[in-house]
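Visitor: If you scroll down you'll find the structure; I have some questions about it.
The values are calculated or read from the model by the stated rules, or taken from the named source; none is laboratory data. In this text the structure is predicted, and so the values were computed from the model without any measurement. No Cβ is skipped: glycine too gets one built from the backbone with ideal geometry, and neighbour counts run over all protein chains shown. Just so you know, the surface numbers come from the protein's heavy atoms only, side chains and all, with ligands and any DNA or RNA stripped out. Shrake-Rupley method; radii C 1.70, N 1.55, O 1.52, S 1.80 Å.
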Amino acid sequence: MGVIIYNGKSSKDFGIIVEQYPAINRGAKRGEAYQIPGRNGTFYSEDGTYDNYVQAYNVAIIEKNRGAAARCADIAAWLSVPGFARLEDSFEPEYFKLARFAGPLNIDQIMGRYGRCTLEFECQPERWLKSGDEEIQLTDGTIYNPTNNVSKPIIRIVRSDTTVLSVNNDAFMSIGGYSSGNTNVYIDCENGTIIDGFGNDLYGSTVFYKNFQDFPTLEPGTSTIAATNSTLVYVTPRWWVL
């Protein structure tokens, strides 16, 4: 009925069928509880972040040739990815998540050829739009965020000299380290890195105009992005929803 793609490999390659629609889960909102003397109830201090959650898939394993035990070894190797990897499914094909297999892997065998189990993945709270994982060339200097969440994009600038990056007419940084044979600059606003086209770190050649060396974000709706001494600006917007 359904398909899982984890770390670039499809469940179909392992004789796995997702038997039913998975539950719709979302991460819990973080908040620290406190009480105010003289007032009823409990209040919460929130910072707008969310916890990870577990996404479970009830699956059937159909393996007529090698047997369920041999196929179980293949599945265990597929799922034993260190850290978090990309997780997609056929139920929400427009999104992907970052997940790790939470385990355990307990397969109930049926006649040694078939099996059933529940695969549980620990997912980070964001559901990333696949459309936001594609690099977009800005032709008029504007970009539209279709979600209700602030995104932290990757911005690529093709420049002809030191460049100043501004978002919504607000200057964030001046990036030096220019050479005529190396004109690309990659600004990763999530991880806080600035590198050139050869992977060299440009952090030491950058002057920040904000406190705490802030990187720009894209608010919901339309934003403008500009870079001085640039011929082209590209954005991988990294849109996400819960």
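Visitor: Looking only at segment 198-220, which residues are under 25 Å from Asp140 (Cα atoms) and either within 20 Å of the chain's Cα centre (by Cα) or among the acidic types (Asp, Glu) (or both)?
Guide: Asp214, Phe215, Pro216, Thr217, Leu218, Glu219, Pro220, listed by residue number.
Visitor: Of the residues in segment 202-231, how many are of a type in the set (A, V, I, L, M, F, W, C) and open to solvent by 60 Å² or more (accessible area, probe 1.4 Å)?
Guide: Summing the residues that are of a type in the set (A, V, I, L, M, F, W, C) and open to solvent by 60 Å² or more (accessible area, probe 1.4 Å) in segment 202-231 gives 2.
Visitor: Determine the pairs where a residue that is closer than 23 Å to Ala77 by Cα and of a type in the set (Lys, Arg), located within segment 1-28, has a partner that is open to solvent by less than 60 Å² (accessible area, probe 1.4 Å) and modelled with pLDDT of 90 or more with Cβ atoms under 8 Å apart, the partner being 6 or more residues away or on another chain.
Guide: From residues that are closer than 23 Å to Ala77 by Cα and of a type in the set (Lys, Arg), the pairs are Lys9/Trp78; Lys12/Val3.
Visitor: Considering each of Gly141, Gly132, Gly115 in turn, give the residue that is in contact with a strand residue (DSSP E or B) (Cβ under 6 Å, 6 or more places away or on another chain) and under 22 Å from Asp89 (Cβ atoms).
Guide: Just a single option satisfies the conditions, and that option is Gly115.
Visitor: Sticking with this structure for a sec: Kindly indicate the residue of segment 102-150 that is of a type in the set (Gly, Ala, Ser) and more than 24 Å from Tyr6 (Cα to Cα) and also modelled with the highest pLDDT among those meeting that condition.
Guide: The selected residue is Gly141.
Visitor: Here's another thing I want to ask about it. Look at Ser160 and say whether it is under 13 Å from Ala227 (Cα atoms) and surrounded by fewer than 17 Cβ atoms within 10 Å (Cβ to Cβ).
Guide: yes
Visitor: Next question, about the same structure. For segment 124-146, name all the residues that are touching a Gly at 6+ places or on another chain (Cβ under 8 Å) and open to solvent by less than 30 Å² (accessible area, probe 1.4 Å).
Guide: Correct list: Pro125, Asn145.
Yes/no per residue for (1) out of contact with any strand residue (DSSP E or B) (no Cβ under 8 Å at 6 or more places or on another chain); (2) modelled with pLDDT of 95 or more; (3) of a type in the set (Ser, Thr, Tyr):
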residue	(1), (2), (3)
Ile154	no, yes, no
Thr163	no, yes, yes
Val167	no, yes, no
Asp188	no, yes, no
Gly192	yes, yes, no
Thr206	no, yes, yes
Phe212	yes, no, no
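Residues are listed down the side, and each one gets a yes or a no for (1) in contact with a strand residue (DSSP E or B) (Cβ under 7 Å, 6 or more places away or on another chain); (2) part of a loop (DSSP other than H, G, I, E, B):
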| position | (1), (2) |
| --- | --- |
| Gln20 | yes, yes |
| Tyr44 | yes, no |
| Gly48 | no, yes |
| Ala56 | yes, no |
| Ile61 | yes, no |
| Ala76 | no, no |
| Leu87 | yes, no |
| Phe91 | yes, yes |
| Lys97 | yes, no |
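Visitor: Quick one: in segment 20-52, of everything that is among the hydrophobic types (A, V, I, L, M, F, W, C), touching a Phe, Trp or Tyr at 6+ places or on another chain (Cβ under 7 Å) and exposed (fewer than 10 other Cβ atoms within 10 Å of the Cβ), which residue is farthest from Trp240 (Cα to Cα)?
Guide: So, considering only residues that are among the hydrophobic types (A, V, I, L, M, F, W, C), touching a Phe, Trp or Tyr at 6+ places or on another chain (Cβ under 7 Å) and exposed (fewer than 10 other Cβ atoms within 10 Å of the Cβ), the one farthest from Trp240 (Cα to Cα) is Ile36.
Per-residue answers, yes or no, for (1) polar (S, T, N, Q); (2) modelled with pLDDT of 90 or more; (3) under 25 Å from Ile107 (Cβ atoms):
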position: Ile4; (1), (2), (3): no, yes, yes
position: Ser11; (1), (2), (3): yes, yes, yes
position: Val18; (1), (2), (3): no, yes, yes
position: Pro22; (1), (2), (3): no, yes, yes
position: Asn25; (1), (2), (3): yes, no, yes
position: Tyr50; (1), (2), (3): no, yes, no
position: Glu63; (1), (2), (3): no, no, yes
position: Ala69; (1), (2), (3): no, no, yes
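Visitor: Kindly provide the set of residues from segment 29-55 that are closer than 28 Å to Trp78 by Cα and either aliphatic (A, V, I, L, M) or free of Cβ contacts under 8 Å to residues at least 40 places away in the same chain (or both), ordered by number.
Guide: If the condition is that a residue be closer than 28 Å to Trp78 by Cα and either aliphatic (A, V, I, L, M) or free of Cβ contacts under 8 Å to residues at least 40 places away in the same chain (or both), then Val54 is the only one that fits.
Visitor: Name every residue in segment 172-197 that is open to solvent by 60 Å² or more (accessible area, probe 1.4 Å), aromatic (Phe, Trp, Tyr) and under 24 Å from the mean Cα position of the chain (by Cα), in order of residue number.
Guide: Tyr186
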